[in-house]
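The block underneath contains the structure these notes are about, expressed in structure tokens.
The values are calculated or read from the model by the stated rules, or taken from the named source; none is laboratory data. Model, not experiment: these values are computed from the prediction. Glycine gets a Cβ as well: all are built from the backbone with ideal geometry, and neighbour counts include every protein chain shown. The protein model used for the area step is the full one, side chains on, heavy atoms only, and it has no ligands, DNA or RNA in it. Shrake-Rupley method; radii C 1.70, N 1.55, O 1.52, S 1.80 Å.
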Amino acid sequence: MRKRQAKKRPLLPDPRFNDQLVTRFVNNLMWDGKKSTAFKVFYDAIDIVEAKKQDAEKSSLEIWKDALTNVMPHVEVRSRRVGGATFQIPMQIRPDRKISMAMKWMILYARRRNEKSMAGKLASEILAAAKEEGAAVKKRMDTHKMAEANKAFSHFRF
């Protein structure tokens, strides 16, 4: 890199749960700078999860955190050119990247669901991911399978 790395800006915790992870998720969910709308969608989704959940001892926020953990990938493949050929090399993922990938996948696959409101879509994706099913978890499984299939090229790691 030519310039120095940008400083990480501190995130303010969200108003309801006082959690920075929720703010980070809402920032990914937000469109066109409409943060209050994104917060409303997220809180409505959490309320729907609260109504639909089967597990009595877990709160809806804990279910959301479990779902996020279930979607987090641990390895991914990166392209690397070695002697004119491009290899897919499996590599460990940094913790902050794991979280951001999980959030982006969960939001992406929630948007693709067939339900009326975004809050309903997000709630369904959260409940599915908490049970280790759904499209976001499938994406993680596919990523892991790809890394497993290319394990032979791991000695090219940089």
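Quick rundown of the values:
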read-out: Average Cα contact separation per residue, region 1-91, under 8 Å, 6 or more apart, as relative contact order %; value: 11 percent
read-out: Kirkwood Rh and Cα Rg combined as Rg/Rh, region 103-151; value: 1.08
read-out: Those trypsin sites (Lys or Arg not before Pro) in region 66-115 that DSSP places in a loop and that have at most 14 other beta carbons within 10 Å; value: Arg112
read-out: Sparse-neighbourhood loop sites, chymotrypsin sites (Phe, Trp or Tyr not before Pro) in region 26-84 - DSSP loop, at most 11 other Cβ within 10 angstrom; value: Trp31
read-out: Low-density loop cleavage sites - GluC sites (Glu not before Pro) in region 61-158, where at most 14 other Cβ are within 10 Å (DSSP); value: Glu115, Glu132, Glu133
read-out: By accessible area with a 1.4 Å probe, ligands and nucleic acids excluded, highest first: order of Leu108, Leu12, Leu21; value: Leu12, Leu108, Leu21
read-out: Positive-end residue of Leu122, Gln88, Leu21, charge dipole of the chain with Cβ unit charges; value: Gln88
